[in-house]
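*Asks:* Input: one structure, supplied below.
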Amino acid sequence: MDQSTRVSGWSYFEDGEYITSGVIDMSKSKLNTDERSFEMAKELWKVLKKYKPEHLILEDTQKQNSVKTVIVLARLQGMVIGYAEAHKVHTHILLPSQWRAALHFSQGPKVKREELKRQSLNYVKENFGLELIEDEAEAVAIGAAAHKIFDF
């Protein structure tokens with residue numbers, strides 16, 4: 001999962017094979033940030049309930065422009081992890097640099113965010129034949145990387 005309080009991407013793999021993916025888009029929501037994060041968590045729980053995965057892969061919360069944003073994202077991540085633990089889903093958290101390295105993406109201080117997003121879009125198109133929006137493409141890339149990193 002590539003989680004955010006506005007648009008969260010998710011993907012589902014079975015035995016290392018891509019099955020499906022999607023996004024939960026709350027970007028037009030009139031809710032305040034805290035309310036939106038709770039609603040996003042509930043929507044992500046629905047995805048987990050529907051697909052019943054054995055493993056949940058989350059991109060770790062990373063440095064943001066504001067401390068408040070980091071706190072809100074950490075709360076969202078905690079709500080998703082709590083649901084997963086309560087339903088016996090093994091949770092794994094990957095740093096963005098970890099999953100990108102597994103897919104041999106160019107990264108580092110000189111590589112801009114837009115380039116990192118483009119690499120995800122290109123990876124998904126080249127390896128899965130899918131043309132997706134950024135958040136969904138990153139979720140698929142995270143899932144693909146997890147299957148390279150972990151021995152599921």
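The values are calculated or read from the model by the stated rules, or taken from the named source; none is laboratory data. Quick caveat: nothing in here was measured; it's all calculated off a predicted structure. Every residue, glycine among them, receives a Cβ derived from its backbone with ideal geometry; neighbour counts consider all protein chains shown. Just so you know, the surface numbers come from the protein's heavy atoms only, side chains and all, with ligands and any DNA or RNA stripped out. Shrake-Rupley method; radii C 1.70, N 1.55, O 1.52, S 1.80 Å.
*Asks:* From the list Arg100, Arg113, Arg118, exactly one residue is modelled with pLDDT under 95 and among the basic types (Lys, Arg). Which is it?
*Replies:* Arg113
*Asks:* Keeping to the range 103-125, report how many residues are open to solvent by 90 Å² or more (accessible area, probe 1.4 Å) and within 21 Å of Trp10 (Cβ to Cβ).
*Replies:* Of the residues in the range 103-125, 3 are open to solvent by 90 Å² or more (accessible area, probe 1.4 Å) and within 21 Å of Trp10 (Cβ to Cβ).
*Asks:* Shifting gears a bit: Show the residue pairs meeting these rules: Cβ distance below 6 Å; 6+ apart or different chains; first residue within the range 64-81 and farther than 23 Å from Leu48 by Cα; second residue assigned to a helix (DSSP H, G or I) and open to solvent by 40 Å² or more (accessible area, probe 1.4 Å).
*Replies:* Within 6 Å, the pairs are Gln64/Val70.
*Asks:* As an exercise: evaluate Lys42 against (1) part of a helix (DSSP H, G or I); (2) out of contact with any strand residue (DSSP E or B) (no Cβ under 9 Å at 6 or more places or on another chain); (3) open to solvent by less than 50 Å² (accessible area, probe 1.4 Å) and give the number of the one condition it does not meet.
*Replies:* Here Lys42 meets the rest and fails (3).
*Asks:* Ok, one more. Is there any pair linking a residue in the range 9-27 that is closer than 12 Å to His147 by Cβ to one that is open to solvent by less than 30 Å² (accessible area, probe 1.4 Å) and at pLDDT 95 or above, with Cβ under 6 Å and at least six apart or on different chains, and which?
*Replies:* Pairs that qualify, where the first residue is closer than 12 Å to His147 by Cβ and the partner is open to solvent by less than 30 Å² (accessible area, probe 1.4 Å) and at pLDDT 95 or above, are Ser11/Ser21; Ser11/Ala139; Ser11/Val140; Ser11/Gly143; Phe13/Gly143.
*Asks:* Only one of Ile81, Ile57, Ile93 is in contact with a His (Cβ under 8 Å, 6 or more places away or on another chain) and closer than 25 Å to Asp34 by Cα. Can you tell me which?
*Replies:* Sole residue among the options that is in contact with a His (Cβ under 8 Å, 6 or more places away or on another chain) and closer than 25 Å to Asp34 by Cα: Ile57.
*Asks:* Using beta carbons and a limit of 6 Å, which pairs, at least six apart or on different chains, have the first residue in the range 39-60 and within 15 Å of Gln77 (Cβ to Cβ) and the second one in a helix (DSSP H, G or I) and open to solvent by 80 Å² or more (accessible area, probe 1.4 Å)?
*Replies:* Matching pairs, first to second residue: none at all.
*Asks:* Let me ask another. I need the full set of residues from the range 5-20 which are over 14 Å from Leu48 (Cβ atoms) and polar (S, T, N, Q), in order please.
*Replies:* Thr5
*Asks:* Now for a separate question. Of all residues in the range 90-115, which are over 14 Å from the mean Cα position of the chain (by Cα), more than 19 Å from Tyr18 (Cβ to Cβ) and among the hydrophobic types (A, V, I, L, M, F, W, C)?
*Replies:* Scanning the range 90-115 gives Ala101, Val111.
*Asks:* Helices (runs of 4 or more DSSP H) wholly in the range 53-152 with at least 3 residues that are under 14 Å from Gln3 (Cα atoms) - which ones?
*Replies:* Answer list for the range 53-152: 67-86, 134-149.
*Asks:* Now a separate question. Name the single residue that is most open to solvent (accessible area, probe 1.4 Å) among those in the range 134-149 being closer than 15 Å to Glu17 by Cβ and out of contact with any Phe, Trp or Tyr (no Cβ under 6 Å at 6 or more places or on another chain).
*Replies:* Per the stated criteria, the residue is Lys148.
*Asks:* Also, I was wondering about something else. Which residues, taken from the range 61-102, are of a type outside the set (D, E, K, R), under 21 Å from Gln119 (Cα atoms) and open to solvent by less than 40 Å² (accessible area, probe 1.4 Å)?
*Replies:* Scanning the range 61-102 gives Thr61, Leu94, Pro96, Trp99, Ala102.
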